[in-house]
Amino acid sequence: MVETNLRFLRTLLIAVSFFVAFASALGSKPIISTSKPKGALPLFENGNVVASIHVDSNDYPGVVRAAHDLSVDFGHVTGHNMSLYTTQSDAHSLSQRTSIIIGTIGKSKLVDSLVLSKKIDVSKIKGKWESFQTQLVQNPAPGVSQALVIVGSDKRGSIFGIYEVSEQIGVSPWYYWADVAPRKHSSLYALNTKLVRGEPSIKYRGIFLNDEAPALAGWINANFPRGKYGPGFNHEFYSRVFELLLRLKANFLWPAMWDSMFGVDDPKNQETADFYGIVMSTSHTEPLQMSTKEWNTLGNGTWDYTTNSANIDKYWERGVSRAKNFENMWTVGMRGNGDNILSGTVVTELLQKVVSDQRKILSDVLGVRDVSKVPQVWCLYKDIQAYYEHGMRVPDDITLLWTDDNWGNVRRLPLANETNPAGMYYHFDFVGDPRDYKWINTVSLQKTWEQLHLTYERNARNIWVVNVGDLKPLELPIDYYLNLAYDYDTWGGIDKVIEYEKAWATREFGEDVAKEVADIVETYGFYAARRRYELVDPKTYNIINYNEAELVLEQWKNLTSRAEAVYAKLPAERKPAFFEMVLHPTKAAYIVYDIHVSSAKNNLYAYQRRSSANALAEHVLERFQDDHDLTQEYNTMLGGKWSHMMDQTHLGYNYWQQPMRNTLPPLAWTQLLENSLSGTMGVAVESSNGSVPGDDHFNSAEYNNNTLVLPQLDPYAPVQYRTIEIFARGTKAFDFKVSPHNPWVRVSPSSGHVDPRNPATDVKVKVSVDWNKAPAGHNVAFINITSSENYGNFDMPSVNLPIHKPSIPPSFHGFVESNKLVSIEASHASRKTKNGNVQYETLRNLGRTGDALTLFPVTCDKQNTASGPRLEYDLFLHTAPTYGANITVYLGAALNNNGPDRPLKYAISFDDAPPQEIQFIPDLDSPLAMPKGWDQAVSDGNVWKSVTQHKVGAVGKKILKLWALEPSVVFQKVVIDLGGVKDSYLGPPESVRL
């Protein structure tokens, strides 16, 4: 009997585990199952609905509305809506079919009667903010043996409980906005377990619709009636947004602002927000529920409080009066019209008067004596932060909404002596310097976590709002941001991002592909964050050094192939969501990178007079068409449901603002109608844009010496070969042969055929060395290349390969110099020390080319080189330049978020030299500006580069030491230049570690 029970228990656990893998809401304990363990309550069984929903009609209207959504959600999953009953009765009047009871404490007679009869205990949620619990209750009423009871502490608590069940039965929050197909089930059961979800980690959590043209505005115009003053941002549109937010357990919205007026476009907008249960606020530049466009369209006079305060006050009074009956977070303060600076200088007295007058307006219009009870927020955005730093303060009840720099780097966070409630305004989308980024997702969830972890630990927890642009292309980062804000305990750990990505992929696409999808989206975010698409151009990635451009392009190609493979095996109903959230952005990125890299290669090939330059030009034109076709595929899918959502231009930026049309980079063609003066064959080598014969040789007495030199090769080079390219420069096909003089040199292929009519026959010859046979020390290998066709007036080309075979002690372990440089991923330290509980932690995929390191906890005090945690890297050098070494440290683009008294610093020491302390973020030249070099740092994928000079001394073993002297210093990469570093975007590939 015991063995039988154990077998049953194991079977039960397996069934429940299987359920957890695909049905539970992200981060939640399972409460719904597709199998029937002991004690479970049937909701839908063997194709039949065996339950109904009961909610008190006197409960909040938003709760009743959400209960209706639950009824319909059961229909999405089972094919049959669940019956919904509304009544004011208590538990004694329940029908026998009632199995799901929904109610808010104090608003539902039914729930209150269950509390009074002690059939449910709500002590853990009563009086709490947005909390709920679910449990099975035995005999909740005469004739009813069991019911699933969903109890909320308040309106949104009940709504979140309802949507918890919706998600667990198989309806994604993104069923509409990303077309995630609801799971189909033949049976559903409520588990006999209790789920309690307490207060959210962040009190107000939401999004900001912004920069909404052309995509979102175009979509709205195509789907909703156009309003009197612009696009149809009406209550029907917003109700879709409100529902999404509530399903994601968010509660807060800054509405679209540039071409819309929330309170004017549709008088039902504010009422609908309150009906759903969304707290409305307005952006940092729009005080007291009034939009910028409303002032510009209907305002009186200039937006200047020094000369027009009377009219501006009346305008604000209208906003408060219009919204006073609804739940709001009132934005106070003021910026210049059109999201511009308020003044060329910091005028704190003016802004203090503005806030004081606004609070009086709130008190008068709302009829409250104690305005501190009215939720208010002052956003310290851009120039406004300077007012705070210059001493301006607001009453203690006003939330200080700190901000990032528009590029995901937190500018400032509360200090220990700053006691106002605090929050964070963050960006996934931006229009402005140094360039717009608003096309598709370029968000690294790892970077988002790292910066929001700082925010949370520094106690900015009252409001989190994120700029999401058009909303649609940013589904994944929005989902992550709001899950993190709702349940930081579950998702806030240092290693939780990949766990979240797998849970998200499981919910949206199924357990069978979840691991692969999670890795795809994780890798996508890593690649995309290297540089926003709008900033990529043909010069970004180097096409001759380190094979950088081709390697990056190959990464995008491989990632796209992986996404296409998943797409191919998904069932038809899951393909649209996967296309929108995974395949489209991956494929779109690959196309854009192909356009830029191939354009760069086309220009180089034309400079080298290659016949294949023309094929590359045609390839770029084809990829330009592919970009258009992919846009059309998105805009026309599902019968045109998302028409215009991919209208954003993204090719051909000339300055910060978006181009009006996509344009290609310059392309070049080579004349193919006659033979080349330099014969039929051309030769080029890596790390050189030259070729032989070259046009520049005609002006040289040495024009007949067609010799090229490869970069030096040694046994410790990260890539153990060098490349020679052989290509057509005329109209005739030819055979070639590559002949090394030295027996220890290998070439592959050693011969081949090139036909100018087939550009694909350009050949890359790999040159490698048999190090067991190569001589020690420095030597040069000689390679001849011959052609079957006339080579014009030139000698057949030759290539020299310098080699270096050094001697390294077998006992050495660490990084080895190759070709006069050492490149190190910061996370690959030989040793790490710690200072008490202060230590270095690895941040996955947060470096430009790998993982990164930072100090934990992020609330630690400033450190020093005497006792602070240290990173050590063992090196072996065989070059000792008399001028020393330049060491470049790649650091995350954090800002001085601990205030001006604690700027971010690191220290560095080479061997036994005294440490150099480096403040890598300059002090501000102006309180209204960003630090010098910031625009380059954020353009370069959020990376600061800091260069220091060091004496090398004798060759041999060395130790490089690094100290982070402040938390939020993030070490990504270190490059030691001994005279061999070549230009590249990502930096040299990592050196060999022994």
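The values are calculated or read from the model by the stated rules, or taken from the named source; none is laboratory data. Keep in mind it's a predicted model, so treat the numbers as computed, not measured. We place every Cβ from the backbone using ideal geometry, glycine too, and count neighbours over all the protein chains shown.
Yes or no: Asn898 part of a loop (DSSP other than H, G, I, E, B) and under 29 Å from the mean Cα position of the chain (by Cα)?
yes
I'd like to verify a number: residues in region 920-961 that are closer than 30 Å to Arg993 by Cβ and either outside any strand (DSSP E or B) or of a type in the set (Ser, Thr, Tyr) (or both), how many?
Result for region 920-961: 12.
Return only the number of the condition from (1) buried (at least 19 other Cβ atoms within 10 Å of the Cβ); (2) part of a loop (DSSP other than H, G, I, E, B) that Tyr593 does not satisfy.
(2)
Of the residues Asp983, Asp923, which is free of Cβ contacts under 8 Å to residues at least 60 places away in the same chain and either surrounded by fewer than 18 Cβ atoms within 10 Å (Cβ to Cβ) or assigned by TED's automatic domain parsing to the domain that holds Tyr437 (or both)?
Sole residue among the options that is free of Cβ contacts under 8 Å to residues at least 60 places away in the same chain and either surrounded by fewer than 18 Cβ atoms within 10 Å (Cβ to Cβ) or assigned by TED's automatic domain parsing to the domain that holds Tyr437 (or both): Asp923.
It is to be established whether one or more residues within region 813-836 are free of Cβ contacts under 8 Å to residues at least 24 places away in the same chain and within 30 Å of Ala894 (Cα to Cα).
Residues of region 813-836 free of Cβ contacts under 8 Å to residues at least 24 places away in the same chain: 836.
Right, trim to within 30 Å of Ala894 (Cα to Cα) and you get 836.
Yes, the conditions are met somewhere in region 813-836.
Scan region 731-750 residue by residue and report those that are over 16 Å from Leu713 (Cα atoms), among the hydrophobic types (A, V, I, L, M, F, W, C) and part of a strand (DSSP E or B).
Once the filter is applied, which keeps residues that are over 16 Å from Leu713 (Cα atoms), among the hydrophobic types (A, V, I, L, M, F, W, C) and part of a strand (DSSP E or B), region 731-750 yields Phe734, Phe736, Val738.
So which of Ile125, Ile159 ends up being crowded, with 16+ Cβ neighbours inside 10 Å, in a loop (DSSP other than H, G, I, E, B) and either without any contact (Cβ under 8 Å) to a residue 12 or more places away in the chain or touching a strand residue (DSSP E or B) at 6+ places or on another chain (Cβ under 8 Å) (or both)?
On inspection, the qualifying residue turns out to be Ile125.
Among the residues of region 319-335 satisfying the criterion of being under 31 Å from the mean Cα position of the chain (by Cα) and outside any loop (DSSP other than H, G, I, E, B), which is farthest from Leu351 (Cα to Cα)?
Among them, the one singled out is Asn328.
Could we say that Asp861 is of a type in the set (Asp, Glu), surrounded by fewer than 19 Cβ atoms within 10 Å (Cβ to Cβ) and either in a loop (DSSP other than H, G, I, E, B) or under 23 Å from the mean Cα position of the chain (by Cα) (or both) here?
Considered against the rule, which asks whether it is of a type in the set (Asp, Glu), surrounded by fewer than 19 Cβ atoms within 10 Å (Cβ to Cβ) and either in a loop (DSSP other than H, G, I, E, B) or under 23 Å from the mean Cα position of the chain (by Cα) (or both), Asp861 comes out as yes.
Got at least one residue in region 962-985 being in a loop (DSSP other than H, G, I, E, B) and of a type in the set (Phe, Trp, Tyr)?
Yes: region 962-985 contains one or more residues that are in a loop (DSSP other than H, G, I, E, B) and of a type in the set (Phe, Trp, Tyr).
In the list Thr419, Thr442, which residue meets the criterion of being within 20 Å of the chain's Cα centre (by Cα) and either outside any helix (DSSP H, G or I) or touching a residue at least 24 places away in the same chain (Cβ under 8 Å) (or both)?
Every option except Thr442 fails the conditions.
Condition check ((1) surrounded by fewer than 21 Cβ atoms within 10 Å (Cβ to Cβ); (2) of a type in the set (A, V, I, L, M); (3) not assigned by TED's automatic domain parsing to the domain that holds Leu253) across all residues:
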| site | (1), (2), (3) |
| --- | --- |
| Ile478 | no, yes, no |
| Asp489 | yes, no, no |
| Gly510 | yes, no, yes |
| Ala518 | no, yes, yes |
| Gly525 | no, no, yes |
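Which pairs have Cβ atoms under 6 Å, sit 6 or more apart or on different chains, and link a residue in region 714-733 that is of a type in the set (A, V, I, L, M) to one that is surrounded by fewer than 22 Cβ atoms within 10 Å (Cβ to Cβ) and in a loop (DSSP other than H, G, I, E, B)?
Listed pairs, sorted by first residue: Ala733/Asp755.
Report the residue count in region 944-971 for those that are charged (D, E, K, R), out of contact with any Leu (no Cβ under 7 Å at 6 or more places or on another chain) and within 20 Å of Lys932 (Cβ to Cβ).
So the count comes out to 1.
Looking at (1) under 24 Å from Phe160 (Cβ atoms); (2) surrounded by fewer than 18 Cβ atoms within 10 Å (Cβ to Cβ), which is the one condition that is false for Asn308?
Here Asn308 clears every test but (1).
Quick check on Val620: is it farther than 26 Å from Val431 by Cα, among the β-branched types (Val, Ile, Thr) and not assigned by TED's automatic domain parsing to the domain that holds Glu564? Full working, then the answer.
On the way: farther than 26 Å from Val431 by Cα: yes; among the β-branched types (Val, Ile, Thr): yes; not assigned by TED's automatic domain parsing to the domain that holds Glu564: no.
So Val620 does not fit the description; no.
Being surrounded by 14 or more Cβ atoms within 10 Å (Cβ to Cβ), in contact with a strand residue (DSSP E or B) (Cβ under 7 Å, 6 or more places away or on another chain) and modelled with pLDDT under 95 is true for just one of Gly682, Gly694. Which residue is that?
Only one candidate passes the filter, namely Gly682.
Do we have any residue at all in region 118-132 that's among the polar types (S, T, N, Q) and within 28 Å of Ile278 (Cβ to Cβ)?
Within region 118-132, one or more residues are among the polar types (S, T, N, Q) and within 28 Å of Ile278 (Cβ to Cβ).
With the requirement that a residue be within 20 Å of Val955 (Cα to Cα) and assigned to a loop (DSSP other than H, G, I, E, B), what does region 884-895 give you?
Answer for region 884-895, where residues must be within 20 Å of Val955 (Cα to Cα) and assigned to a loop (DSSP other than H, G, I, E, B): just Gly884.
If I go through region 273-322 residue by residue, how many of them are within 20 Å of Val371 (Cβ to Cβ), without any contact (Cβ under 8 Å) to a residue 40 or more places away in the chain and not β-branched (Val, Ile, Thr)?
Qualifying residue count for the region: 4.
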